[in-house]
Amino acid sequence: MADEAKAKGNAAFSAGRFEEAAAHFTDAIALAPDNHVLYSNRSAAYASLHRYPEALADAERTVALRPDWAKGYSRLGAARLGLGDAAGAVAAYEKGLALEPSNGALKDGLAHARQARRPAPASGADAIGKVFQGPELWSKVFQGPELWSRMAADPTTRPYLDQPDFMRMLRDVQRNPSSLNNYLSDPRMVQVLSLMLNLRLPNNDAPPRPPAQSTPPPPPQQQHQPETKAREPEPEPEPMEVTEEEKKRKERKAAAQEEKEAGNAAYKKKDFETAIQHYTKAMELDDEDVSYLTNRAAVYLEMGKYDECINDCDKAVERGRELHADFKIISRALTRKGTALAKIAKCFKDYDVAIETYQKALTEHRNPDTLKKLNDAERAKKELEQQEYYDPKIADEEREKGNEFFKQQKYPEAVKHYSEALRRNPKDPRVYSNRAACYTKLGAMPEGLKDAEKCIELDPTFSKGYTRKGAIQFFMKEYDKALETYQAGLKHDPNNQELLDGVRRCVQQINKASRGELSQEELQERQVLTDFQENPKAAQAHLKNPGVMQKIQKLMNRQML
């Protein structure tokens, strides 16, 4: 917007960044080509850069757009004076004073322009002596408000402000203008006087005096280099001219912010109805701030009015995109909508919309709170899906189908039905036991061991779980672990023959190993089983060996798997 570009230009001008200021004013002019203040401000920026032709063009455009605006003639006079047209500058300042006789800037500019039109003295103190014919004129020069600003703006005189001896001279002259003659032998005083009168006096014949402080003065060529053009007063950017419509708009925005603050206060007190009233009033006053909508949505969410919350969030997203609002605001609205959708979810499929909304919010702005809500929604969906899928009757049917395929040695098909049975009833230890047997037949020992352990976890008194786990550990040649498993099962079922036989076999193998009676073939078998545990790639290669598969099948049958 033009106002924003102008505000940036004013800030840059105040900071002395005149090139940047001119660029911002140019952007503003592109958006508001008939705004005379923008041309006036850019003219000031160009003049500060000593780009007087451009400053003059903008000043002429200013007075063309607003011929009854006195400030435009001030810009025009400054630009003409910068170009050396003192007579044209006088005419511009006089025209501006005709419109606004009390304008101090125009009066000062006219005085400078008239002084610049006079023939300049030859040089040095003699020239100054001819110019100042009385202490009252000296008083005007040194008592004027421009003394310090012009000295600070000029690179030649700026270092003088850091020199205590010269500052004492200036203050002495301010108190007693007649004392000026005592300091005319100092080239610094001559330089300041020439600056204030727009005189360009060569002072190469005067040796420079060293400063009292360590701050080095500018190089001599800078101090004594004559200028060919008169120096105009440093312009300042114009304050923003506010139309009646803009004034009312700002008043509405201010009133809307007050309503928002009142709504926030009511929200903190849990006075939700009052908060809604304030946020609604704020929206009526200013429809360009979507935070009023998102705040009201938050209140509806707290009240459990989820439909109203979702409606406000949708409006906030739509309006926010129209206004090119911050992505964080859009993300906040989507997150609140997702929360409301999750609250009203009645089945696991209802969570899909909430999850999708959270994902959209994260694409706008990746907020940790939104990510946590997304994870919570996905977990809730999974739990609800399991609850809705739960059916013990169908689970028993699927288990029986798995048993039939197991008897037919169709182990992959049996695993499929056992898995479906567990989805229907994940708390049945019998199904885990049966699937563990299938995995063992298929050589998937880790999966079988995991199912056997789950079986024991669900029912520690179910003996079959211990026999499954012990058999897998025995098959893997982990006799010590298998022995512990069988013994744990016997604590719950001391007379179980399978568990007793398992203990006997484990003891035999442990004793045999301790006596060093393992054959080369048994050592090879141990390596094969180690590969099944630690090296899946090697295990797959072993399964392709018919001899190995035959031994595995024989061992399984022997252990009644």
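The values are calculated or read from the model by the stated rules, or taken from the named source; none is laboratory data. Remember, predicted model here, so these are calculated numbers, not experimental data. Don't worry about glycine lacking a Cβ; one is built from the backbone with ideal geometry, like all the others, and counts go over all protein chains shown.
Before moving on, here are some points about what is shown:
- Near pairs, Cβ below 8 angstrom, 6+ apart or cross-chain, from the range 151-167 (on the phi < 0 side of the Ramachandran plot and surrounded by 19 or more Cβ atoms within 10 Å (Cβ to Cβ)) to any residue that is of a type in the set (D, E, K, R) and outside any helix (DSSP H, G or I): F166/D186
- Given (1) modelled with pLDDT under 95; (2) of a type in the set (A, V, I, L, M); (3) within 24 Å of the chain's Cα centre (by Cα), number of the condition L285 does not satisfy: (3)
- Candidate set from the range 96-113 (those that are in contact with a Leu (Cβ under 8 Å, 6 or more places away or on another chain) and not in a loop (DSSP other than H, G, I, E, B)); member that is nearest to L195 (Cα to Cα): H112
- Taking the range 393-485 as the region of interest, none of the helices (runs of 4 or more DSSP H) fully inside it holds 2 or more residues being modelled with pLDDT under 95, under 24 Å from N495 (Cα atoms) and outside the structural domain of N511 (by the TED database).
- The condition of being basic (K, R) and within 55 Å of the chain's Cα centre (by Cα) holds for only one of K441, K481, K464, K450, that being K450.
- Long-range neighbours under 9 Å by Cβ, at least six apart or interchain, first residue in contact (Cβ under 8 Å) with a residue 40 or more places away in the chain within the range 388-415, second surrounded by 14 or more Cβ atoms within 10 Å (Cβ to Cβ) and in a helix (DSSP H, G or I): E388/F348
- Residue match in the range 114-128 (condition: assigned to a helix (DSSP H, G or I) and modelled with pLDDT of 85 or more): yes
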